[in-house]
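The values are calculated or read from the model by the stated rules, or taken from the named source; none is laboratory data. Predicted, not measured: the structure shown is a model, and the values here were computed from it. Positions of Cβ are generated from backbone atoms using ideal geometry, with glycine treated the same way; all protein chains shown enter the neighbour counts. Surface accessibility is based on the protein's heavy atoms, side chains included, excluding ligands, DNA and RNA. Shrake-Rupley method; radii C 1.70, N 1.55, O 1.52, S 1.80 Å.
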Amino acid sequence: MIRPVNFSFNAETAGNNAFQIKNDEANVQGKALNEFDQFVSMLRSNGVDVIVIDDTPEPNTPDSIFPNNWVSFHDDGTVLLYPMYAPNRRAERKEHVIEKLNEHFIIKNKIDLSYNESSKLFLEGTGSMVLDRDNRIAFACLSPRTDQKVLDEFCRKMNYKAVVFHSVDENGQAIYHTNVMMCVGDKFVVICLDSIREAKEKKNVISAIEKTGKEIIDISYDQLNHFAGNMLQVENNKAEKLLVMSTQAFLSLSGDQVKKLNGYNRIIHAPLTTIEVNGGGSARCMMAEIHLPVLS
């Protein structure tokens, strides 16, 4: 997780992120930092191993709090770097982050897809893709930030199969990242099926999930707008599965949905309102989960 130093509303990303809300909120950085620190504290108090790396003041990276878009870590020792839509987000690929992880984990291979930026082709990591790592499936809704060509390159190099579809909000605008409408756990999938308007695509997505044996937990547009799709399943130091989300996401869930999800993993949550309003992302976006082999 990247501790922010210049968090703010990013005008370069707002054009295709309808979850960002331009406002006159004062002391956004201070409020976001407080939310970040409380979130990290909540994770650690539940036994989650969190590596916090401080962002640098220069270059200015207002969205650095969302590292899962520019980097992903895999159990074969591979680190992937991704092409980013907004020019000021490309500067988030800071070498000191990878150097810090080298102290704790084995990095055997680095694949850099960022060269696609020169062709204006983008794939923003595990924002653009929701990975079923057990079954090697990459779910992806196409958008200005998620290009089929780069997705196919990822799948070739990492031996994944792509399940591609289009997802839109209530106004018909493309949902900018797959991970705001979908979360894949070990035995369940949270997804806003209403956002997949094309019947054949919806059927294909449902079929791909059902073949894995995972239960589909469908969420509404209202729940999606409260970031209920933006969850991440993690494992703590007692090998306990936890489902991490924001408090507003949790409060949007029905009693039946909470019961189902708690049956698979314990839910933990923290308030992230300033980050959600200004950044257009939530709990899942703030965590770049590490699957690298651990240094002995």
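What is the antiparallel percent of DSSP beta bridges lying wholly in the range 162-223, to the nearest 5?
Expressed as a percentage, antiparallel bridges in the range 162-223 total about 50.
In percent, how large is the relative contact order of the range 168-218, given Cα pairs closer than 8 Å and 6 or more residues apart?
It rounds to 36 percent for the range 168-218.
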Exercise for the section: Please work out how much accessible surface TYR264 shows to a 1.4 Å probe, ignoring ligands, DNA and RNA, in Å² rounded to 10. Expected result: 80
Practice task
Match the structure shown to one of the listed values [x] 25, 22, 21; [y] 47, 28, 15; [z] 28, 23, 18 of semi-axes √(5λ) of the Cα gyration tensor in Å, computed from it, and give that label.
Solution key: [x]
Practice task
Return the lysines within reach of LYS187: Cα separation strictly under 23 angstrom, same-chain partners fewer than 8 residues apart disregarded; answer none if there are no such residues.
Solution key: LYS161, LYS202, LYS203, LYS211, LYS214, LYS238, LYS241, LYS259, LYS260
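Treating only the Cβ of Lys, Arg, Asp and Glu as charged (+1, +1, -1, -1), what charge dipole size does the range 166-296 show about its Cα centre? Round to the nearest 20 debye.
360
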Exercise for the section: Considering only DSSP beta bridges where both residues belong to the chain, give the percentage that are antiparallel (nearest 5). Expected result: 45
Exercise for the section: For the range 60-68, take each phi angle, set θ = phi - 60°, evaluate the Karplus expression 6.51 cos²θ - 1.76 cosθ + 1.60, and give the result in whole Hz per residue in order, putting x for glycine and proline. Expected result: 5, 10, x, 9, 5, 5, 10, x, 5
Fill in the blank from the handout: Around MET158 (Cβ within 9 Å, Cβ-to-Cβ, excluding MET158; K/R +1, D/E -1) the net charge comes to +2
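DSSP beta bridges in the range 90-229, what fraction antiparallel, as a percent rounded to 5? Write down the numbers at each step before the final one.
Working: 10 of 19 bridges.
Antiparallel bridges make up about 55 percent of those DSSP assigns within the range 90-229.
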Fill in the blank from the handout: the range 79-108 and the range 185-234 have their Cα centres apart by a whole-number Å value of 29
Handout entry: Helix-only mean residue ellipticity at 222 nm for the chain, each DSSP H run of n ≥ 4 adding -39500 (n - 2.57), per residue, nearest 500
Key = -8000 deg cm²/dmol
Practice task
With a/c under 1.5 counting as rounded, go ahead and sort the range 114-155 into rounded, prolate or oblate using the C-alpha gyration tensor (a ≥ b ≥ c being the square roots of the eigenvalues; past the cut-off, prolate if a/b is larger than b/c, else oblate).
Solution key: prolate
Problem - Selected from ALA174, ALA249, ALA239 as most flexible by GNM, with the chain as the system and alpha-carbon contacts under 10 Å - result: ALA239
Fill in the blank from the handout: In the chain, helical segments from DSSP H whose Cα atoms cover 20 Å or more along their own axis and that average at least -0.5 on the Kyte-Doolittle scale are 28-45
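Taking all protein chains in place and a 1.4 Å probe, what share, in percent, of the accessible surface of the range 89-154 do carbon and sulfur account for?
About 47 percent, which is the carbon plus sulfur part of the accessible surface.
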Fill in the blank from the handout: Counting sequence-distant residues (5 or more places) and residues on other chains, those with an amide H built under 5 Å from that of MET182 are none
Exercise for the section: Rounded, prolate or oblate: pick one for the range 120-192, where a ≥ b ≥ c are the square roots of the eigenvalues of its C-alpha gyration tensor, a/c under 1.5 means rounded, and failing that, prolate if a/b is larger than b/c, else oblate. Expected result: oblate
Handout entry: Qualifying lysines (Cα of each under 22 Å from Cα of LYS157; at least 8 residues distant if same chain)
Key = LYS108, LYS110, LYS120, LYS149
Handout entry: the range 31-146 - accessible surface per residue (Å², probe 1.4 Å)
Key = 38
